[in-house]
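First up is the structure itself, then whatever we jot down about it.
The values are calculated or read from the model by the stated rules, or taken from the named source; none is laboratory data. Values in this document were obtained by computation on a predicted structure and should not be read as measured data. Every residue, glycine among them, receives a Cβ derived from its backbone with ideal geometry; neighbour counts consider all protein chains shown. These area figures cover heavy atoms from the full protein model, side chains too; ligands, DNA and RNA do not enter into them. Shrake-Rupley method; radii C 1.70, N 1.55, O 1.52, S 1.80 Å.
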Amino acid sequence: MSKEITNRSEDYSAWYTDIVKKAGLADHSAVRGCMVIKPYGFGIWEKIRDQLDFMFKETGHVNAYFPLFIPKSFLSKEAEHVEGFAKECAVVTHHRLMNDPNGNGVVVDPTSKLEEELIVRPTSETIIWNTYKDWISSYRDLPLLINQWANVVRWEMRTRLFLRTAEFLWQEGHTAHATKDEAVSETRLILDLYAEFAEEYMAMPVIKGVKTPNERFAGAIDTYTIEALMQDGKALQAGTSHFLGQNFAKAFNVTFLDENQKRDFVWATSWGVSTRLMGGLIMTHSDDSGFVVPPKLASLHVIIIPIPKPDEAIDEVALKIIAALKAKGIIAKYDTDRKKRPGFKFAEYELKGIPVRLGIGKRDLEKNQIEVARRDTKEKYSQAIDGIEDHIEQLLVDIQDNLFNRAKKFRDDRISKADTIEEFKEILDTKAGFVLAHWDGTTESEVKIKELTKATIRCIPIDNEQEDGKCILTGKPSTQRVLFARSY
RNA sequence: CGGGGUGUAGCGCAGUCCGGUUAGCGCACCUGUUUUGGGAACAGGGGGUCGCAGGUUCGAAUCCUGCCACCCCGACCA
């Protein structure tokens, strides 16, 4: 049937695309590299967004909104920043269309050329720091803790649903501080917040660390990252938090007077996660039967299926269960479609990854029980209807825990150590995953290792164990192992 | 940007090499009957600018020219 998905072992990339499309998460659109996020996928993104938004606000941040367009001259004010993004910008040059004199629809009106081109934001540091200049004059204006939920455009050469699209949705936090220490603390606070979200809500274990200069955000002093491991052994950068120093304050001349009437540049951070998280979610938990949603991000927790079809006795029990679950904040739905048979529905909801399925038929009702099926393990068993809401409440907790523990074990089993470049390659080609190895600290070696192995330094883990060793490439002395992997 | 592929019904495809009735099949959709504890069966029905623009021809999904779009694999990136 058309709903069948490619096996992971056969073609992981095709499997991924199948899940995204067939579970109804997103689709390719008429525009190159841009996707349509469908209601089911968007519902999960909304859960991600709502939870993060809550966490941002709990830590003192507020939301605002800045323009989609950035004057070209703004972008070039921070030299490294513009260099990092210049190659992937969409540019607005005109503001009007007109009827084609030759009668072929509409064409760009050449008289509507803009004085200065506008860039569709690839990220908003420049427009925001240009605005902050007017908002900050005293230490009393600081810290300024602002986040925005927005879309951005990066004209990528090659795109992949959720993982890398030309337009994507994200949040970007931009904060301003009076001191370096405060800004660094903010950067780390958000890194911890991201890690907590990834592990607690997405059930996706991550490694926190700092990027090497080579992998740093364009314009940052330090880039912190959370790195997750996908089922095919490739790493995914799931979120980044940047300490920007005074780079943007200097570029946009944002200064303040401190308590001692001394003028100084403001210290900055920026941080973001995007719809890429959806890709991480899929590639952490899903299987050959389809998507698997962790209960904490599910827009629907429980699906109730009448067997073989709705009737009065079944309806009554189903509606009672839905009400009891609702009282506990658990969202359940009763599938009353008479056209589809139970087997079809089973497959369909497995594909969509609904955490718990309840089957109710005459056989069950006679024994005053129902069939419970959990999506994560695909186990099925009978359970007394009496008190079912308590059972499901606990089951959802168990599923959430199981997903995390399973993913963590998978990840931990794929953290290896390599002491030579041969060993390093061998591991990448066989079991893949993360490889801890010594590195001499130079960009030159890092780039060379990438050329030789396609693996990059994902990060230098926070609180990394110090250990004397030799760089796997050059043999030069090193004081710690860094985390390598092939990545998305 | 290099290499490969694909554009035909909502989806998946055949037909194109070698031009010729009314463009076909599966899924989905609509109607009906029988079914129903892991993707039902039968009967009937609706749905098409064959990616776009030129050209050749009595006749083009099919041949020629040009263009466009999307997907996949690489190099670059969240």
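Considering only Cα-Cα distances, which of the following residue pairs are longer than 24 Å: A:47/A:309; A:38/A:296; A:21/A:409? Please list the in-between numbers first.
Values: A:47/A:309 31 Å; A:38/A:296 20 Å; A:21/A:409 28 Å.
Where the Cα-Cα span goes over 24 Å, the pairs concerned are A:47/A:309; A:21/A:409.
Between the helical axis of A:388-412 and the dominant principal axis of chain A, each derived from Cα atoms, what acute angle in degrees is found, rounded to the nearest 10?
50 degrees
Going toward the positive end of the dipole of chain A, with +1 on Lys and Arg Cβ and -1 on Asp and Glu Cβ, which of A:64, A:213, A:349 do you reach last?
Comparing the listed Cα positions along the dipole, A:349 ranks first.
Pop a pseudo-label 7 angstrom from the Cα along the beta-carbon direction at both residue A:393 and residue A:31 and give the gap in nm to one decimal.
Reported label-point gap for residue A:393 and residue A:31 is 4.5 nm.
With each label point set 7 Å from Cα along the Cα-Cβ vector, what nm distance links residue A:99 and residue A:462?
It is 6.3 nm.
Modelled label-to-label distance, residue A:182 and residue A:7, 7 Å Cα→beta-carbon offset: nm?
5.9 nm
First compute the accessible area of chain A with a 1.4 Å probe, then give the percent of it belonging to carbon and sulfur atoms.
On the way: 11140 of 22480 Å².
Carbon and sulfur together cover 50 percent of it.
If you take the beta carbon distance between residue A:384 and residue A:339 as r and set R0 to 30 Å, what does 1/(1 + (r/R0)^6) give as a FRET efficiency, to the nearest 0.05?
Working: r = 31 Å, r/R0 = 1.03.
With a Förster radius of 30 Å, E is 0.45.
What does the C-alpha gyration tensor say about the overall shape of region A:407-488? Classify as rounded when a/c is under 1.5, otherwise prolate if a/b is larger than b/c, or oblate.
On the way: a/c = 1.65, a/b = 1.23, b/c = 1.34.
Oblate.
Once you have a ≥ b ≥ c as the square roots of the Cα gyration tensor eigenvalues for region A:300-397, tell me rounded if a/c is under 1.5, and otherwise prolate or oblate according to whether a/b is larger than b/c.
On the way: a/c = 1.37, a/b = 1.07, b/c = 1.28.
Verdict is rounded for region A:300-397.
Which whole number in µm²/s is D for chain A by Stokes-Einstein, with the Kirkwood Rh taken over Cα pairs at 4 °C and 1.567 mPa s?
Details: Rh = 25.1 Å.
Once the numbers are plugged in, D ends up at 52 µm²/s.
Rounded to whole Å, give me the distance from the Cα center of region A:327-363 to that of region A:282-314.
Region A:327-363 and region A:282-314 have Cα centres spaced 6 Å from each other.
Decide, for region A:12-285, between rounded, prolate and oblate: order the square roots of the alpha carbon gyration tensor eigenvalues as a ≥ b ≥ c, take rounded if a/c falls under 1.5, and otherwise choose prolate if a/b is larger than b/c, else oblate. Please report the intermediate quantities before stating the final value.
On the way: a/c = 2.03, a/b = 1.10, b/c = 1.85.
Oblate shape, in that a/c is at least 1.5 and b/c is the bigger or equal ratio.
Would you please name the chymotrypsin sites (Phe, Trp or Tyr not before Pro) within region A:323-405 that are DSSP coil residues with at most 16 other C-beta atoms within 10 Å of their C-beta? Please report the intermediate quantities before stating the final value.
Working: sites: A:334, A:344, A:346, A:349, A:381, A:404; in loops: none.
Sites meeting the loop and neighbour criteria: none at all.
For residue A:57, list the aspartates and glutamates whose Cα falls under 17 Å from its own Cα; do not include residues on the same chain fewer than 8 positions away.
A:46, A:172, A:186, A:192, A:196
Could you calculate the contour length gain from residue A:112 to residue A:263, that is, 0.36 nm times the residue separation minus the distance between their Cα atoms, to one decimal place in nm? Before the final figure, lay out the partial values.
On the way: separation 151, 0.36 × 151 = 54.36 nm, distance 4.33 nm.
So the extension gain works out to 50.0 nm.
Under 26 Å from the Cα of residue A:470, which lysines turn up, not counting those fewer than eight places away in the same chain?
A:208, A:211, A:234, A:417, A:425, A:431, A:448, A:450, A:454
Tell me the mean residue ellipticity at 222 nm calculated for chain A from its helices only (DSSP H runs of n ≥ 4, each -39500 (n - 2.57), averaged over every residue, nearest 500). List each step's numbers first, then the result.
Values: 14 runs with 166 residues, N = 488.
Calculated mean residue ellipticity at 222 nm is -10500 deg cm²/dmol.
Of A:120, A:55, A:149, which is farthest on the positive side of the dipole of chain A, counting Cα position, with +1 on Lys and Arg Cβ, -1 on Asp and Glu Cβ, and the Cα centre as origin?
In chain A, that residue is A:120.
Name the GluC sites (Glu not before Pro) in region A:302-379 that are in a loop by DSSP and that have at most 12 other C-beta atoms within 10 Å, would you? Could the numbers behind the result be given before it?
On the way: sites: A:312, A:316, A:348, A:350, A:366, A:371, A:379; in loops: A:379.
In loop regions of region A:302-379 (DSSP not H, G, I, E or B), the sparsely surrounded GluC sites (Glu not before Pro) are A:379.
May I ask you to list the aspartates and glutamates whose Cα is less than 17 Å away from that of residue A:328, ignoring any residue fewer than eight positions away on the same chain?
A:386, A:389, A:390, A:393, A:398
Taking the Cα atoms only, what angle lies between the long axis of helix A:39-58 and the longest principal axis of chain A, rounded to 10 degrees?
The answer is roughly 60 degrees.
Please give the per residue accessible area of chain A, computed with a probe of 1.4 Å over protein heavy atoms only, in Å².
Working: 22480 Å² over 488 residues.
With all protein chains present, chain A gives 46 Å² per residue.
Between 0 and 90 degrees, rounded to the nearest ten: what's the tilt of helix A:312-326 against the longest Cα principal axis of chain A?
Once rounded, the angle reads 30 degrees.
Between residue A:430 and residue A:83, take the C-beta separation as r, use R0 = 30 Å, and let me know the FRET efficiency to the nearest 0.05. Working shown, then result.
On the way: r = 38 Å, r/R0 = 1.25.
Computed FRET efficiency for residue A:430 and residue A:83: 0.20.
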